[in-house]
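I have placed the structure first, in the form of structure tokens, so that the comments after it can refer back to it.
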Amino acid sequence: MHDDRNLVESRLKRVLEERIRPAVYPESVPLEVSIWTAPDEPVPVAEGLAAPRTPIATGARWGAPWGTSWLTVSGTVPDAWAGRTVEALIDLGFDANMPGFQCEGLVYRPDGTPVKGLNPRNQWVRIAAPAVGGEEVLLHVEAASNPVILDYHPFLPTGLGDKETAGERPQYRLERIDLAVFDEAVWQLVVDLEVLGELMAELPVEGARRWEILRAVERALDAVDLQDVNGTAAVARRELEAVLASPAEPSAHLISAVGHAHIDSAWLWPLRETVRKVARTTANMTALLEDEPDFVFTMSQAQQYAWIKEHRPEVYARVKKAVAQGRFVPAGGMWVESDTNMPGSEAMARQFVHGKRFFLEEFGIENEEAWLPDTFGFAGGLPQIIKAAGSTRLLTQKISWSRVNTFPHHTFLWEGIDGTRIFTHFPPVDTYNCSMQGEEIAHAARNFKEKGRARRSLAPTGWGDGGGGTTREMVAKAARLRNLEGSARVRWERPAEFFAKAEREYPDPPVWTGELYLELHRATLTSQARTKQGNRASENLLREAELWCATAAVRARLPYPYEELDRIWKTVLLHQFHDILPGSSIAWVHREAERTYAAVTEELAAITARAQRALAGEGDGTVVFNAAPHERGGVPAGGARPAAPAAGGCTVEARPDGGHLLDNGLLQVAVDARGLVVSVLDRASGREALAPGAAANMLQIHPDFPTMWDAWDVDSFYRNTVTDLTALDSLEVAASGPEAVAVRATRTFGSSRAVQTVTLTAGSGRLDLDTEVDWHETEKFLKAAFPLDVRTDRYAAETQFGHLYRPTHTNTSWEAAKFEACNHRFVHLEEPGWGVALVTASTYGHDVTRTVRPEDGGTTTTARVSLLRAPRFPDPHTDQGLHRFRHALVPGADVGAAVREGYRIGLPERRVPGAAEVAPLITLDDDAVVVSAVKLADDRSGDVVVRLYESCGGRARVRVAPGFEYARVDRCDLLERPTGEGATELRLRPFELVTLRFAVEGGGGEPG
Ligand SMILES: [Zn+2]
């Protein structure tokens, strides 16, 4: 037989595109269109519906960047169309090659009822089936002219990412706006041919199945009269019935499809636009659920539900109804799909608390699946948090984006730093925007690494980010893929159904221990420093506010600010979304975030001050409050005492080289004439912390122009070029004792300036390092280096409720790929008997490398903190301007001291007028056990909730001594639901977290 395969395949492609697809709408008439453009920000729906319109012709340009236009489309169904299916086609000027990230619309009826969204690949609105001739059509469209930020020439700097710099130029041209006849038979033929054509391309050429499909397609194409596609579509479909009816092989891969739209809570659009993106997509999806009885849709992020509840109640009512029917499935149980590297212990816990509580209160639903398809890596502390929230499973596909190593599993147990194991699935389809393409389905089946032991995977199906979710075409394709020879088998299933079956079929899956490190997007630990500082400051201030408000409620009957704290927590949690905290959003988002964090700071400071005033009592002295989890300067953890006289004993003297020598009896620190720290002597051990001849607190600058993803990525080659910033403008003594001594160095480089202050305080074994940078560089990476005289194969980096170890060497590709990583408040390096901690107040990115010195054979292990970057996409002015950083070096620190200093740097003592002593609500007798939260219970019962954890990675036996009367104590989950009887004598596993709830008779703190 002659091989005519390419000929038939080419014929299919052309006939489908040029003849069959256009025949889906064989007849059409134009609709009348009129427009009103809101002068600035979006207006309420009623206002948009009522606003006066002016006529606009198709082909006209519309839509300044970030504008909102209200369109009215009207017309009459021609008499000749009576009995047929009629749809409106509304093309706002979409680029169908991009299924989102551009203009969008939401269609309303004249009474304000939402109909569905308009998206690049979803431009139809059903008018009638069957139609009545002469029927009037009147629809309104709220159209958002969101500019395209990321397109075919990606990562070019643009002013479009901020309304203030975006200009007024119309972004779109109104295209086809018609009333049209919809020919269902032709549409079905299109789907038949797409499914078979795409499947055929994935099948082996040697196999008979491929040729059977080819011949059937050929017969169907023969049956189509190209001059009368509508009249012959049904006949052509009959030629395909047999190949479509041939069942899947018994061993076929099983795909649980779930309708999905990954909507970033902010990214290339501001937060306010996400509210509308969610409304459009959910309007679409509730409409599709009504049309398609087998279809199931899932949406995560409680915040997005809360948005439509508040801003689009008419859409929310439809969502709520579909949730009650079990067809619209809330997923994930988090407030947002957050980053998981950077959020602190409590914040990571509260993501689940607030997400789960919203789903429970609104829908009576609690799901067991953490849903984070797009998050940039997963911290080793997360499994324990997921479990403590009452969940057991995790879904993500993001690790498939790793550039170096291929992750070995798709379904496995993920073991966290404390030993908690979570059943985890990475969809082998490798996308959260599956569109039921044959290529995707075949890739999932081929890629699935558990073959032979397990058979099923999940496919999140639908366009996100303004693509409008799942389409009716995807549903139609899925129906054909239920049981089709040569293909994986597809059916719509809820995530919980998938996981239950996956767990059953795979009782002994492989185990992955430690973090799930994404070998990409490493610069998200540094970009947009102010957003990161706002996050860390807010987390610390929330701890203080909860602690002192709970203390004031119990000790002084001060009303507890439940409402305020709930609202502020949700704001902070929202900003941990995986494009906000990582710094990968447009300028508008980060500019707003900075303002929001400032407001949060101000409000929390006022809340804390109110509580502290109530506790400090009368008197003209000063009371010192210690919110840190360890005793400090005689003030107990979580308590307050009248201030003691300050200690002295610090000295600073000139060095012959023009530098200075600082001493406080614990540390002796030499700063040379270049303003660099050249010696840090730990007097207790007599040990020098720095490598011989090396200089610490040295700023280093690298060119930083990654191959793509500017705000997200730093590529390994950045290290090939480095400049040490040693040139000095001035060096001065900034404090000369006896309570503290400090030396300040000022240097200029490029267009920027840095002021570095090193400070020794009396009684402290910590060298404080303040760095102020007025940053005006482009595509550069700024770090501060600490070359330490330590030999170790691994170092500890703090994460949620503990720390994890990373290698200091690069033996394998897995280790080499971790060239930039995340820490919370410290990294800690240690030889047996002596260690050193580098403590960070607000930075997350760091690297640790080592060299062996030829002179003495010793090892220099250099820890560097990442301070600033200057990418130009998506924010062309990322991180320009003034920044302040605080770090500290703690020689002689064991890991417990690293934990302690990490807390202290973010929780300074607060000095308040008064004279009272405030006893802590909770006292622990083991410093390795750390209190992460003291608060009143969210249910407003007045019960006191305490969360604590073992922080050093060892075993602990601790006595918890409550400083108040209580009726009983229960152990709880993160949602403060009792899980078992509590006790005040606890034995803890390494890094184990425990939540205790103390029932207080009569309750402290009425709702404030
Ligand atoms: Zn995302």
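The values are calculated or read from the model by the stated rules, or taken from the named source; none is laboratory data. All values derive from a computational prediction rather than experimental measurement. Glycine also receives a Cβ, built like all others from the backbone with ideal geometry; neighbour counts cover every protein chain displayed. Heads up: the accessible areas ignore ligands, DNA and RNA and are worked out on the full protein's heavy atoms, side chains in. Shrake-Rupley method; radii C 1.70, N 1.55, O 1.52, S 1.80 Å.
Restricting region 577-594 to residues that are among the acidic types (Asp, Glu) and closer than 19 Å to Arg872 by Cβ, the residue that is farthest from the ligand (Cβ to nearest atom) is Glu594. Here Ala64 meets the list (1) open to solvent by less than 50 Å² (accessible area, probe 1.4 Å); (2) touching a Gly at 6+ places or on another chain (Cβ under 8 Å); (3) assigned to a helix (DSSP H, G or I) almost entirely, failing just condition (3). Taking each residue of region 404-429 that is under 13 Å from Gly514 (Cα atoms) and looking for partners that are at pLDDT below 95 with beta-carbon atoms closer than 8 Å, six or more apart or interchain, yields nothing.
Taken over region 491-524, the criterion of being touching a helix residue (DSSP H, G or I) at 6+ places or on another chain (Cβ under 9 Å) and either over 18 Å from His590 (Cβ atoms) or open to solvent by 10 Å² or more (accessible area, probe 1.4 Å) (or both) is satisfied by Arg491, Trp492, Glu493, Pro509, Glu515, Leu516, Tyr517, Leu518, Glu519, Leu520.
Scoring Ala537 on the criteria (1) within 16 Å of the ligand (Cβ to nearest atom); (2) among the small types (Gly, Ala, Ser); (3) within 22 Å of Thr840 (Cα to Cα) leaves a single failure, condition (1).
Return the only residue of Arg904, Arg900, Arg886, Arg872 being part of a strand (DSSP E or B) and either modelled with pLDDT of 95 or more or over 30 Å from Pro270 (Cβ atoms) (or both). Don't jump to the end; show me each part of the working.
Working: Arg904 fails: part of a strand (DSSP E or B); Arg900 fails: part of a strand (DSSP E or B); Arg872 fails: part of a strand (DSSP E or B).
Unique residue meeting the criteria: Arg886.
Among the residues of region 793-826, those that are surrounded by fewer than 22 Cβ atoms within 10 Å (Cβ to Cβ) and part of a loop (DSSP other than H, G, I, E, B) comprise Asp793, Thr808, His809, Thr810, Asn811, Thr812, Ala817, Lys818, Phe819. Tell me whether region 575-584 contains one or more residues that are among the aliphatic types (A, V, I, L, M), assigned to a helix (DSSP H, G or I) and modelled with pLDDT of 95 or more. Checked region 575-584: no residue is among the aliphatic types (A, V, I, L, M), assigned to a helix (DSSP H, G or I) and modelled with pLDDT of 95 or more. Residues being more than 16 Å from the ligand (Cβ to nearest atom) and either open to solvent by 10 Å² or more (accessible area, probe 1.4 Å) or part of a helix (DSSP H, G or I) (or both) are represented in region 329-342 by at least one member. Condition check for Gly835 on (1) in contact with a Pro (Cβ under 8 Å, 6 or more places away or on another chain); (2) open to solvent by less than 40 Å² (accessible area, probe 1.4 Å): one failure, at (1). Taking the criterion of being more than 16 Å from the ligand (Cβ to nearest atom) and either without any contact (Cβ under 8 Å) to a residue 24 or more places away in the chain or in contact with a helix residue (DSSP H, G or I) (Cβ under 6 Å, 6 or more places away or on another chain) (or both), the residues of region 343-353 that qualify are Gly344, Ala347, Met348, Ala349, Arg350.
If you go through region 457-489 and keep only what is assigned to a strand (DSSP E or B) and touching a helix residue (DSSP H, G or I) at 6+ places or on another chain (Cβ under 8 Å), you end up with Ser457, Leu458, Ala459, Thr461, Gly469.
Is one or more of the residues making up region 240-260 within 16 Å of the ligand (Cβ to nearest atom) and crowded, with 23+ Cβ neighbours inside 10 Å? Checking region 240-260: at least one residue is within 16 Å of the ligand (Cβ to nearest atom) and crowded, with 23+ Cβ neighbours inside 10 Å. Leu574 fulfils the conditions (1) over 21 Å from Gly845 (Cβ atoms); (2) away from the ligand (no atom under 16 Å from the Cβ); (3) open to solvent by 10 Å² or more (accessible area, probe 1.4 Å) except for a single criterion, (2). When region 1-53 is filtered for residues that are open to solvent by less than 100 Å² (accessible area, probe 1.4 Å), part of a strand (DSSP E or B) and closer than 14 Å to Val141 by Cα, the ones remaining, listed by number, are Val33, Ser34, Ile35, Trp36, Thr37. Scanning region 377-411 for residues that are over 23 Å from Arg947 (Cβ atoms), within 16 Å of the ligand (Cβ to nearest atom), open to solvent by less than 10 Å² (accessible area, probe 1.4 Å) and in contact with a helix residue (DSSP H, G or I) (Cβ under 9 Å, 6 or more places away or on another chain) turns up Gly377, Leu395. Taking residues in region 946-960 that are part of a strand (DSSP E or B), and partners anywhere that are polar (S, T, N, Q), the pairs with Cβ atoms closer than 7 Å and at least 6 places apart or on different chains are Arg947/Ser932; Arg947/Thr995; Leu948/Ser932; Tyr949/Ser932; Arg959/Thr984; Val960/Thr984.
The strands (runs of 3 or more DSSP E) found entirely in region 89-206 that carry 1 or more residues being more than 26 Å from Thr470 (Cβ to Cβ) and open to solvent by 20 Å² or more (accessible area, probe 1.4 Å) are 136-145.
Out of curiosity, is Trp371 open to solvent by 10 Å² or more (accessible area, probe 1.4 Å) and within 16 Å of the ligand (Cβ to nearest atom)?
Numbers: open to solvent by 10 Å² or more (accessible area, probe 1.4 Å): no; within 16 Å of the ligand (Cβ to nearest atom): yes.
No: the conditions fail for Trp371.
Select from region 262-290 the residues that are within 16 Å of the ligand (Cβ to nearest atom) and in a helix (DSSP H, G or I) and list them in ascending order. Steps first, answer last, please.
Residues of region 262-290 within 16 Å of the ligand (Cβ to nearest atom): 262-271, 273-274, 277-278, 281.
Correct list: Leu271, Glu273, Thr274, Lys277, Val278, Thr281.
Looking only at residues of region 291-328 that are outside any helix (DSSP H, G or I) and either modelled with pLDDT under 95 or farther than 19 Å from Thr471 by Cα (or both), we find that the one that is most open to solvent (accessible area, probe 1.4 Å) is Gln325.
Of all residues in region 430-448, those satisfying the criterion of being in contact with a strand residue (DSSP E or B) (Cβ under 8 Å, 6 or more places away or on another chain), more than 16 Å from the ligand (Cβ to nearest atom) and part of a loop (DSSP other than H, G, I, E, B) are Ser435, Met436, Phe448. The set of residues in region 737-750 that are open to solvent by 70 Å² or more (accessible area, probe 1.4 Å) and more than 16 Å from Gly675 (Cα to Cα) comprises Pro738, Glu739, Gly750.
Taking region 430-452, which residues are open to solvent by less than 30 Å² (accessible area, probe 1.4 Å) and over 21 Å from the mean Cα position of the chain (by Cα)? Those that are open to solvent by less than 30 Å² (accessible area, probe 1.4 Å) and over 21 Å from the mean Cα position of the chain (by Cα): Ser435, Met436, Gly438, Ile441, Ala442, Ala444, Ala445, Phe448, Glu450.
Just one of the listed residues (Thr551, Thr601) is hydroxyl-bearing (Ser, Thr, Tyr), assigned to a helix (DSSP H, G or I), open to solvent by 10 Å² or more (accessible area, probe 1.4 Å) and in contact with a helix residue (DSSP H, G or I) (Cβ under 7 Å, 6 or more places away or on another chain), namely Thr601.
Got a sec? Which of Leu690, Leu681, Leu661, Leu676 is under 21 Å from Thr840 (Cα atoms) and either of a type in the set (D, E, K, R) or open to solvent by 30 Å² or more (accessible area, probe 1.4 Å) (or both)?
After applying the criteria, what remains is Leu681.
So, of the residues in region 638-658 that are assigned to a strand (DSSP E or B) and in contact (Cβ under 8 Å) with a residue 40 or more places away in the chain, which turns out to be surrounded by the most Cβ atoms within 10 Å (Cβ to Cβ)? The selected residue is Ala640.
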